[in-house]
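Structure first, then comments.
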Amino acid sequence: MVRILKVTELADKKKELLARSEIHRQTLALEVTNVKLGWALLKKRMLVLKTVYRMFGWAVPVGTILFGHKKKERQRSGFLSKLLSGFNLATKIKSMFGGSHAGEHKEETEEAPRV
């Protein structure tokens, strides 16, 4: 009689474990679905954030161009500052179009001597 009770108890235990297992499987499936939904929502939020960041990236320079200019008081520059500015400009233009004679001389010394 004791053996029959143990067998029925084991069968009941088995049914209970199977029921718990099924509950855990369904819970796990729900959790996976929840994670997928959360991931999709996070992607959507990041897309919105990225769009706002891009808009802000364009809005700041455009806003600066439109609204950021203040009239500056024009300072009177002296003769020496104008002379130096002109000299710097002339030097830059000269280097763009012709180079300097010192640079040409440097290239000749680097070449092999002509015989």
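The values are calculated or read from the model by the stated rules, or taken from the named source; none is laboratory data. Just so it is clear, the structure is predicted and the values come from calculations on it, not from any experiment.
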So, VAL32, is that one assigned to a helix (DSSP H, G or I), at pLDDT below 85 and of a type outside the set (Asp, Glu) or not? no
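Picking from HIS24, HIS105, which residue would you name as being in a helix (DSSP H, G or I) and modelled with pLDDT of 85 or more? Can you show your working first?
On the way: HIS105 fails: modelled with pLDDT of 85 or more.
The conditions single out HIS24.
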